[in-house]
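Note sheet for the following structure.
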Amino acid sequence: MKCMIIAAGIGSRLAARGDSKPLVKLGGIPLIERVILTFMKANVSEFHIVTGYNGDKIRERLTIFAQNHPVTIEFIHNDLWKEPNGISVLRGREYLHEPFFLSMSDHLFDAGIPRDFLSEGIDDGEIKLAVDKRIKNNPLVDLEDVTKVLEENGQIRDIGKTIPQYNAFDTGIFLCTPALFHSLEESIAGGDASLSGGIRKMAGKQKARVFDIGNRPWIDVDDDAAFEKAEKIFLQN
């Protein structure tokens, strides 16, 4: 199984902890390495890392990581890393021709999520998004920043940070087929270069479904407050 991880942005809200957000250490382990180690527990062994800002540092660190773990890592550089994240995802088009996981370098989550996600499978030509339906008083979610999802009978109807109606949160963990790349191209051509834009295109074709993570923990480590919460969740053992 393959996984693409987006590690191209600046992450300015964690800049005080390091000049490369994916390499900020939580309990002595860089965030991106924690993401990789979690996916490895779901038998993922091939990773495609999309870099941008400070890409050399990430490549240097993960090259050493790959030498000491049973994985292969391919680096994909996005020189347009200042643009919305759909551009970074589209960079994987030449490398991923079968179903693959997609995740962010700063989203930490329970290893049971990708394991169960994978066991549920995916149909040809669709994507599935792991969602958190705990939308009321969720202490691990920054309501102003989280991407919200409106789903109905397992199908995504709308997605975005400012949609008026929603009943789930986007965890940033996807199981995809290469059909995602075509939808991203369509969205970009229409003026929306975000990943959510591509998902909306697929939703319009009834090709975007959800996977409910239940009570499993996850967090977007986007600022100091989230970092401190992540320490309590993922370092408690």
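The values are calculated or read from the model by the stated rules, or taken from the named source; none is laboratory data. Just so it is clear, the structure is predicted and the values come from calculations on it, not from any experiment. A quick note on method: Cβ atoms are made from the backbone with ideal geometry, for glycine too, and the neighbour counts reach across all protein chains shown.
General observations
- Residue match in the stretch 93-114 (condition: more than 15 Å from the chain's Cα centre (by Cα) and at positive phi): no
- Residue in the stretch 96-104 that is surrounded by fewer than 17 Cβ atoms within 10 Å (Cβ to Cβ) and either farther than 28 Å from G160 by Cβ or without any contact (Cβ under 8 Å) to a residue 24 or more places away in the chain (or both) present: yes
- Some residue of the stretch 153-168 being touching a residue at least 12 places away in the same chain (Cβ under 8 Å), closer than 25 Å to K2 by Cα and among the charged types (D, E, K, R): no
- Between F75, F65, F109, the distinction of being crowded, with 23+ Cβ neighbours inside 10 Å and not polar (S, T, N, Q) belongs to F109 only.
- In the stretch 35-53, the residues that are buried (at least 22 other Cβ atoms within 10 Å of the Cβ) and over 13 Å from I76 (Cα atoms): V35, I36, T38, F39
- Within the stretch 188-199, the set of residues being in contact (Cβ under 8 Å) with a residue 12 or more places away in the chain and surrounded by fewer than 20 Cβ atoms within 10 Å (Cβ to Cβ) comprises I188, D192.
- Residues being in a loop (DSSP other than H, G, I, E, B) and within 22 Å of S88 (Cβ to Cβ) - total across the stretch 103-124: 3
- In summary, I5 fulfils each of the numbered conditions (1) assigned to a helix (DSSP H, G or I); (2) buried (at least 20 other Cβ atoms within 10 Å of the Cβ) with the single exception of condition (1).
- Identity of the residue in the stretch 125-162, in a loop (DSSP other than H, G, I, E, B) and small (G, A, S), that ends up nearest to S183 (Cα to Cα): G125
- A single member of E185, E228 is without any contact (Cβ under 8 Å) to a residue 40 or more places away in the chain, assigned to a helix (DSSP H, G or I), surrounded by fewer than 18 Cβ atoms within 10 Å (Cβ to Cβ) and out of contact with any strand residue (DSSP E or B) (no Cβ under 9 Å at 6 or more places or on another chain), and it is E228.
- Look at the stretch 1-20: where a residue is without any contact (Cβ under 8 Å) to a residue 12 or more places away in the chain and a partner is of a type outside the set (K, R) and buried (at least 20 other Cβ atoms within 10 Å of the Cβ), sitting 6+ places away or on another chain with Cβ atoms under 6 Å, you get G18/V24.
- Selection count, the stretch 139-160, where residues are modelled with pLDDT of 95 or more and exposed (fewer than 15 other Cβ atoms within 10 Å of the Cβ): 4
- Subset of the stretch 8-32 that is of a type in the set (D, E, K, R) and surrounded by fewer than 19 Cβ atoms within 10 Å (Cβ to Cβ) - its residue that is nearest to A230 (Cα to Cα): K25
- Contacts under 6 angstrom Cβ, first residue in the stretch 129-152 being closer than 16 Å to R216 by Cα, partner part of a loop (DSSP other than H, G, I, E, B), 6 or more apart: A130/I213; D132/I213
- Output for the stretch 175-204, where each listed residue is out of contact with any helix residue (DSSP H, G or I) (no Cβ under 8 Å at 6 or more places or on another chain) and not small (G, A, S): C176, T177, H182
- Candidates V35, V44, filtered to the one that is closer than 22 Å to I233 by Cβ, assigned to a loop (DSSP other than H, G, I, E, B) and at pLDDT 95 or above: V44
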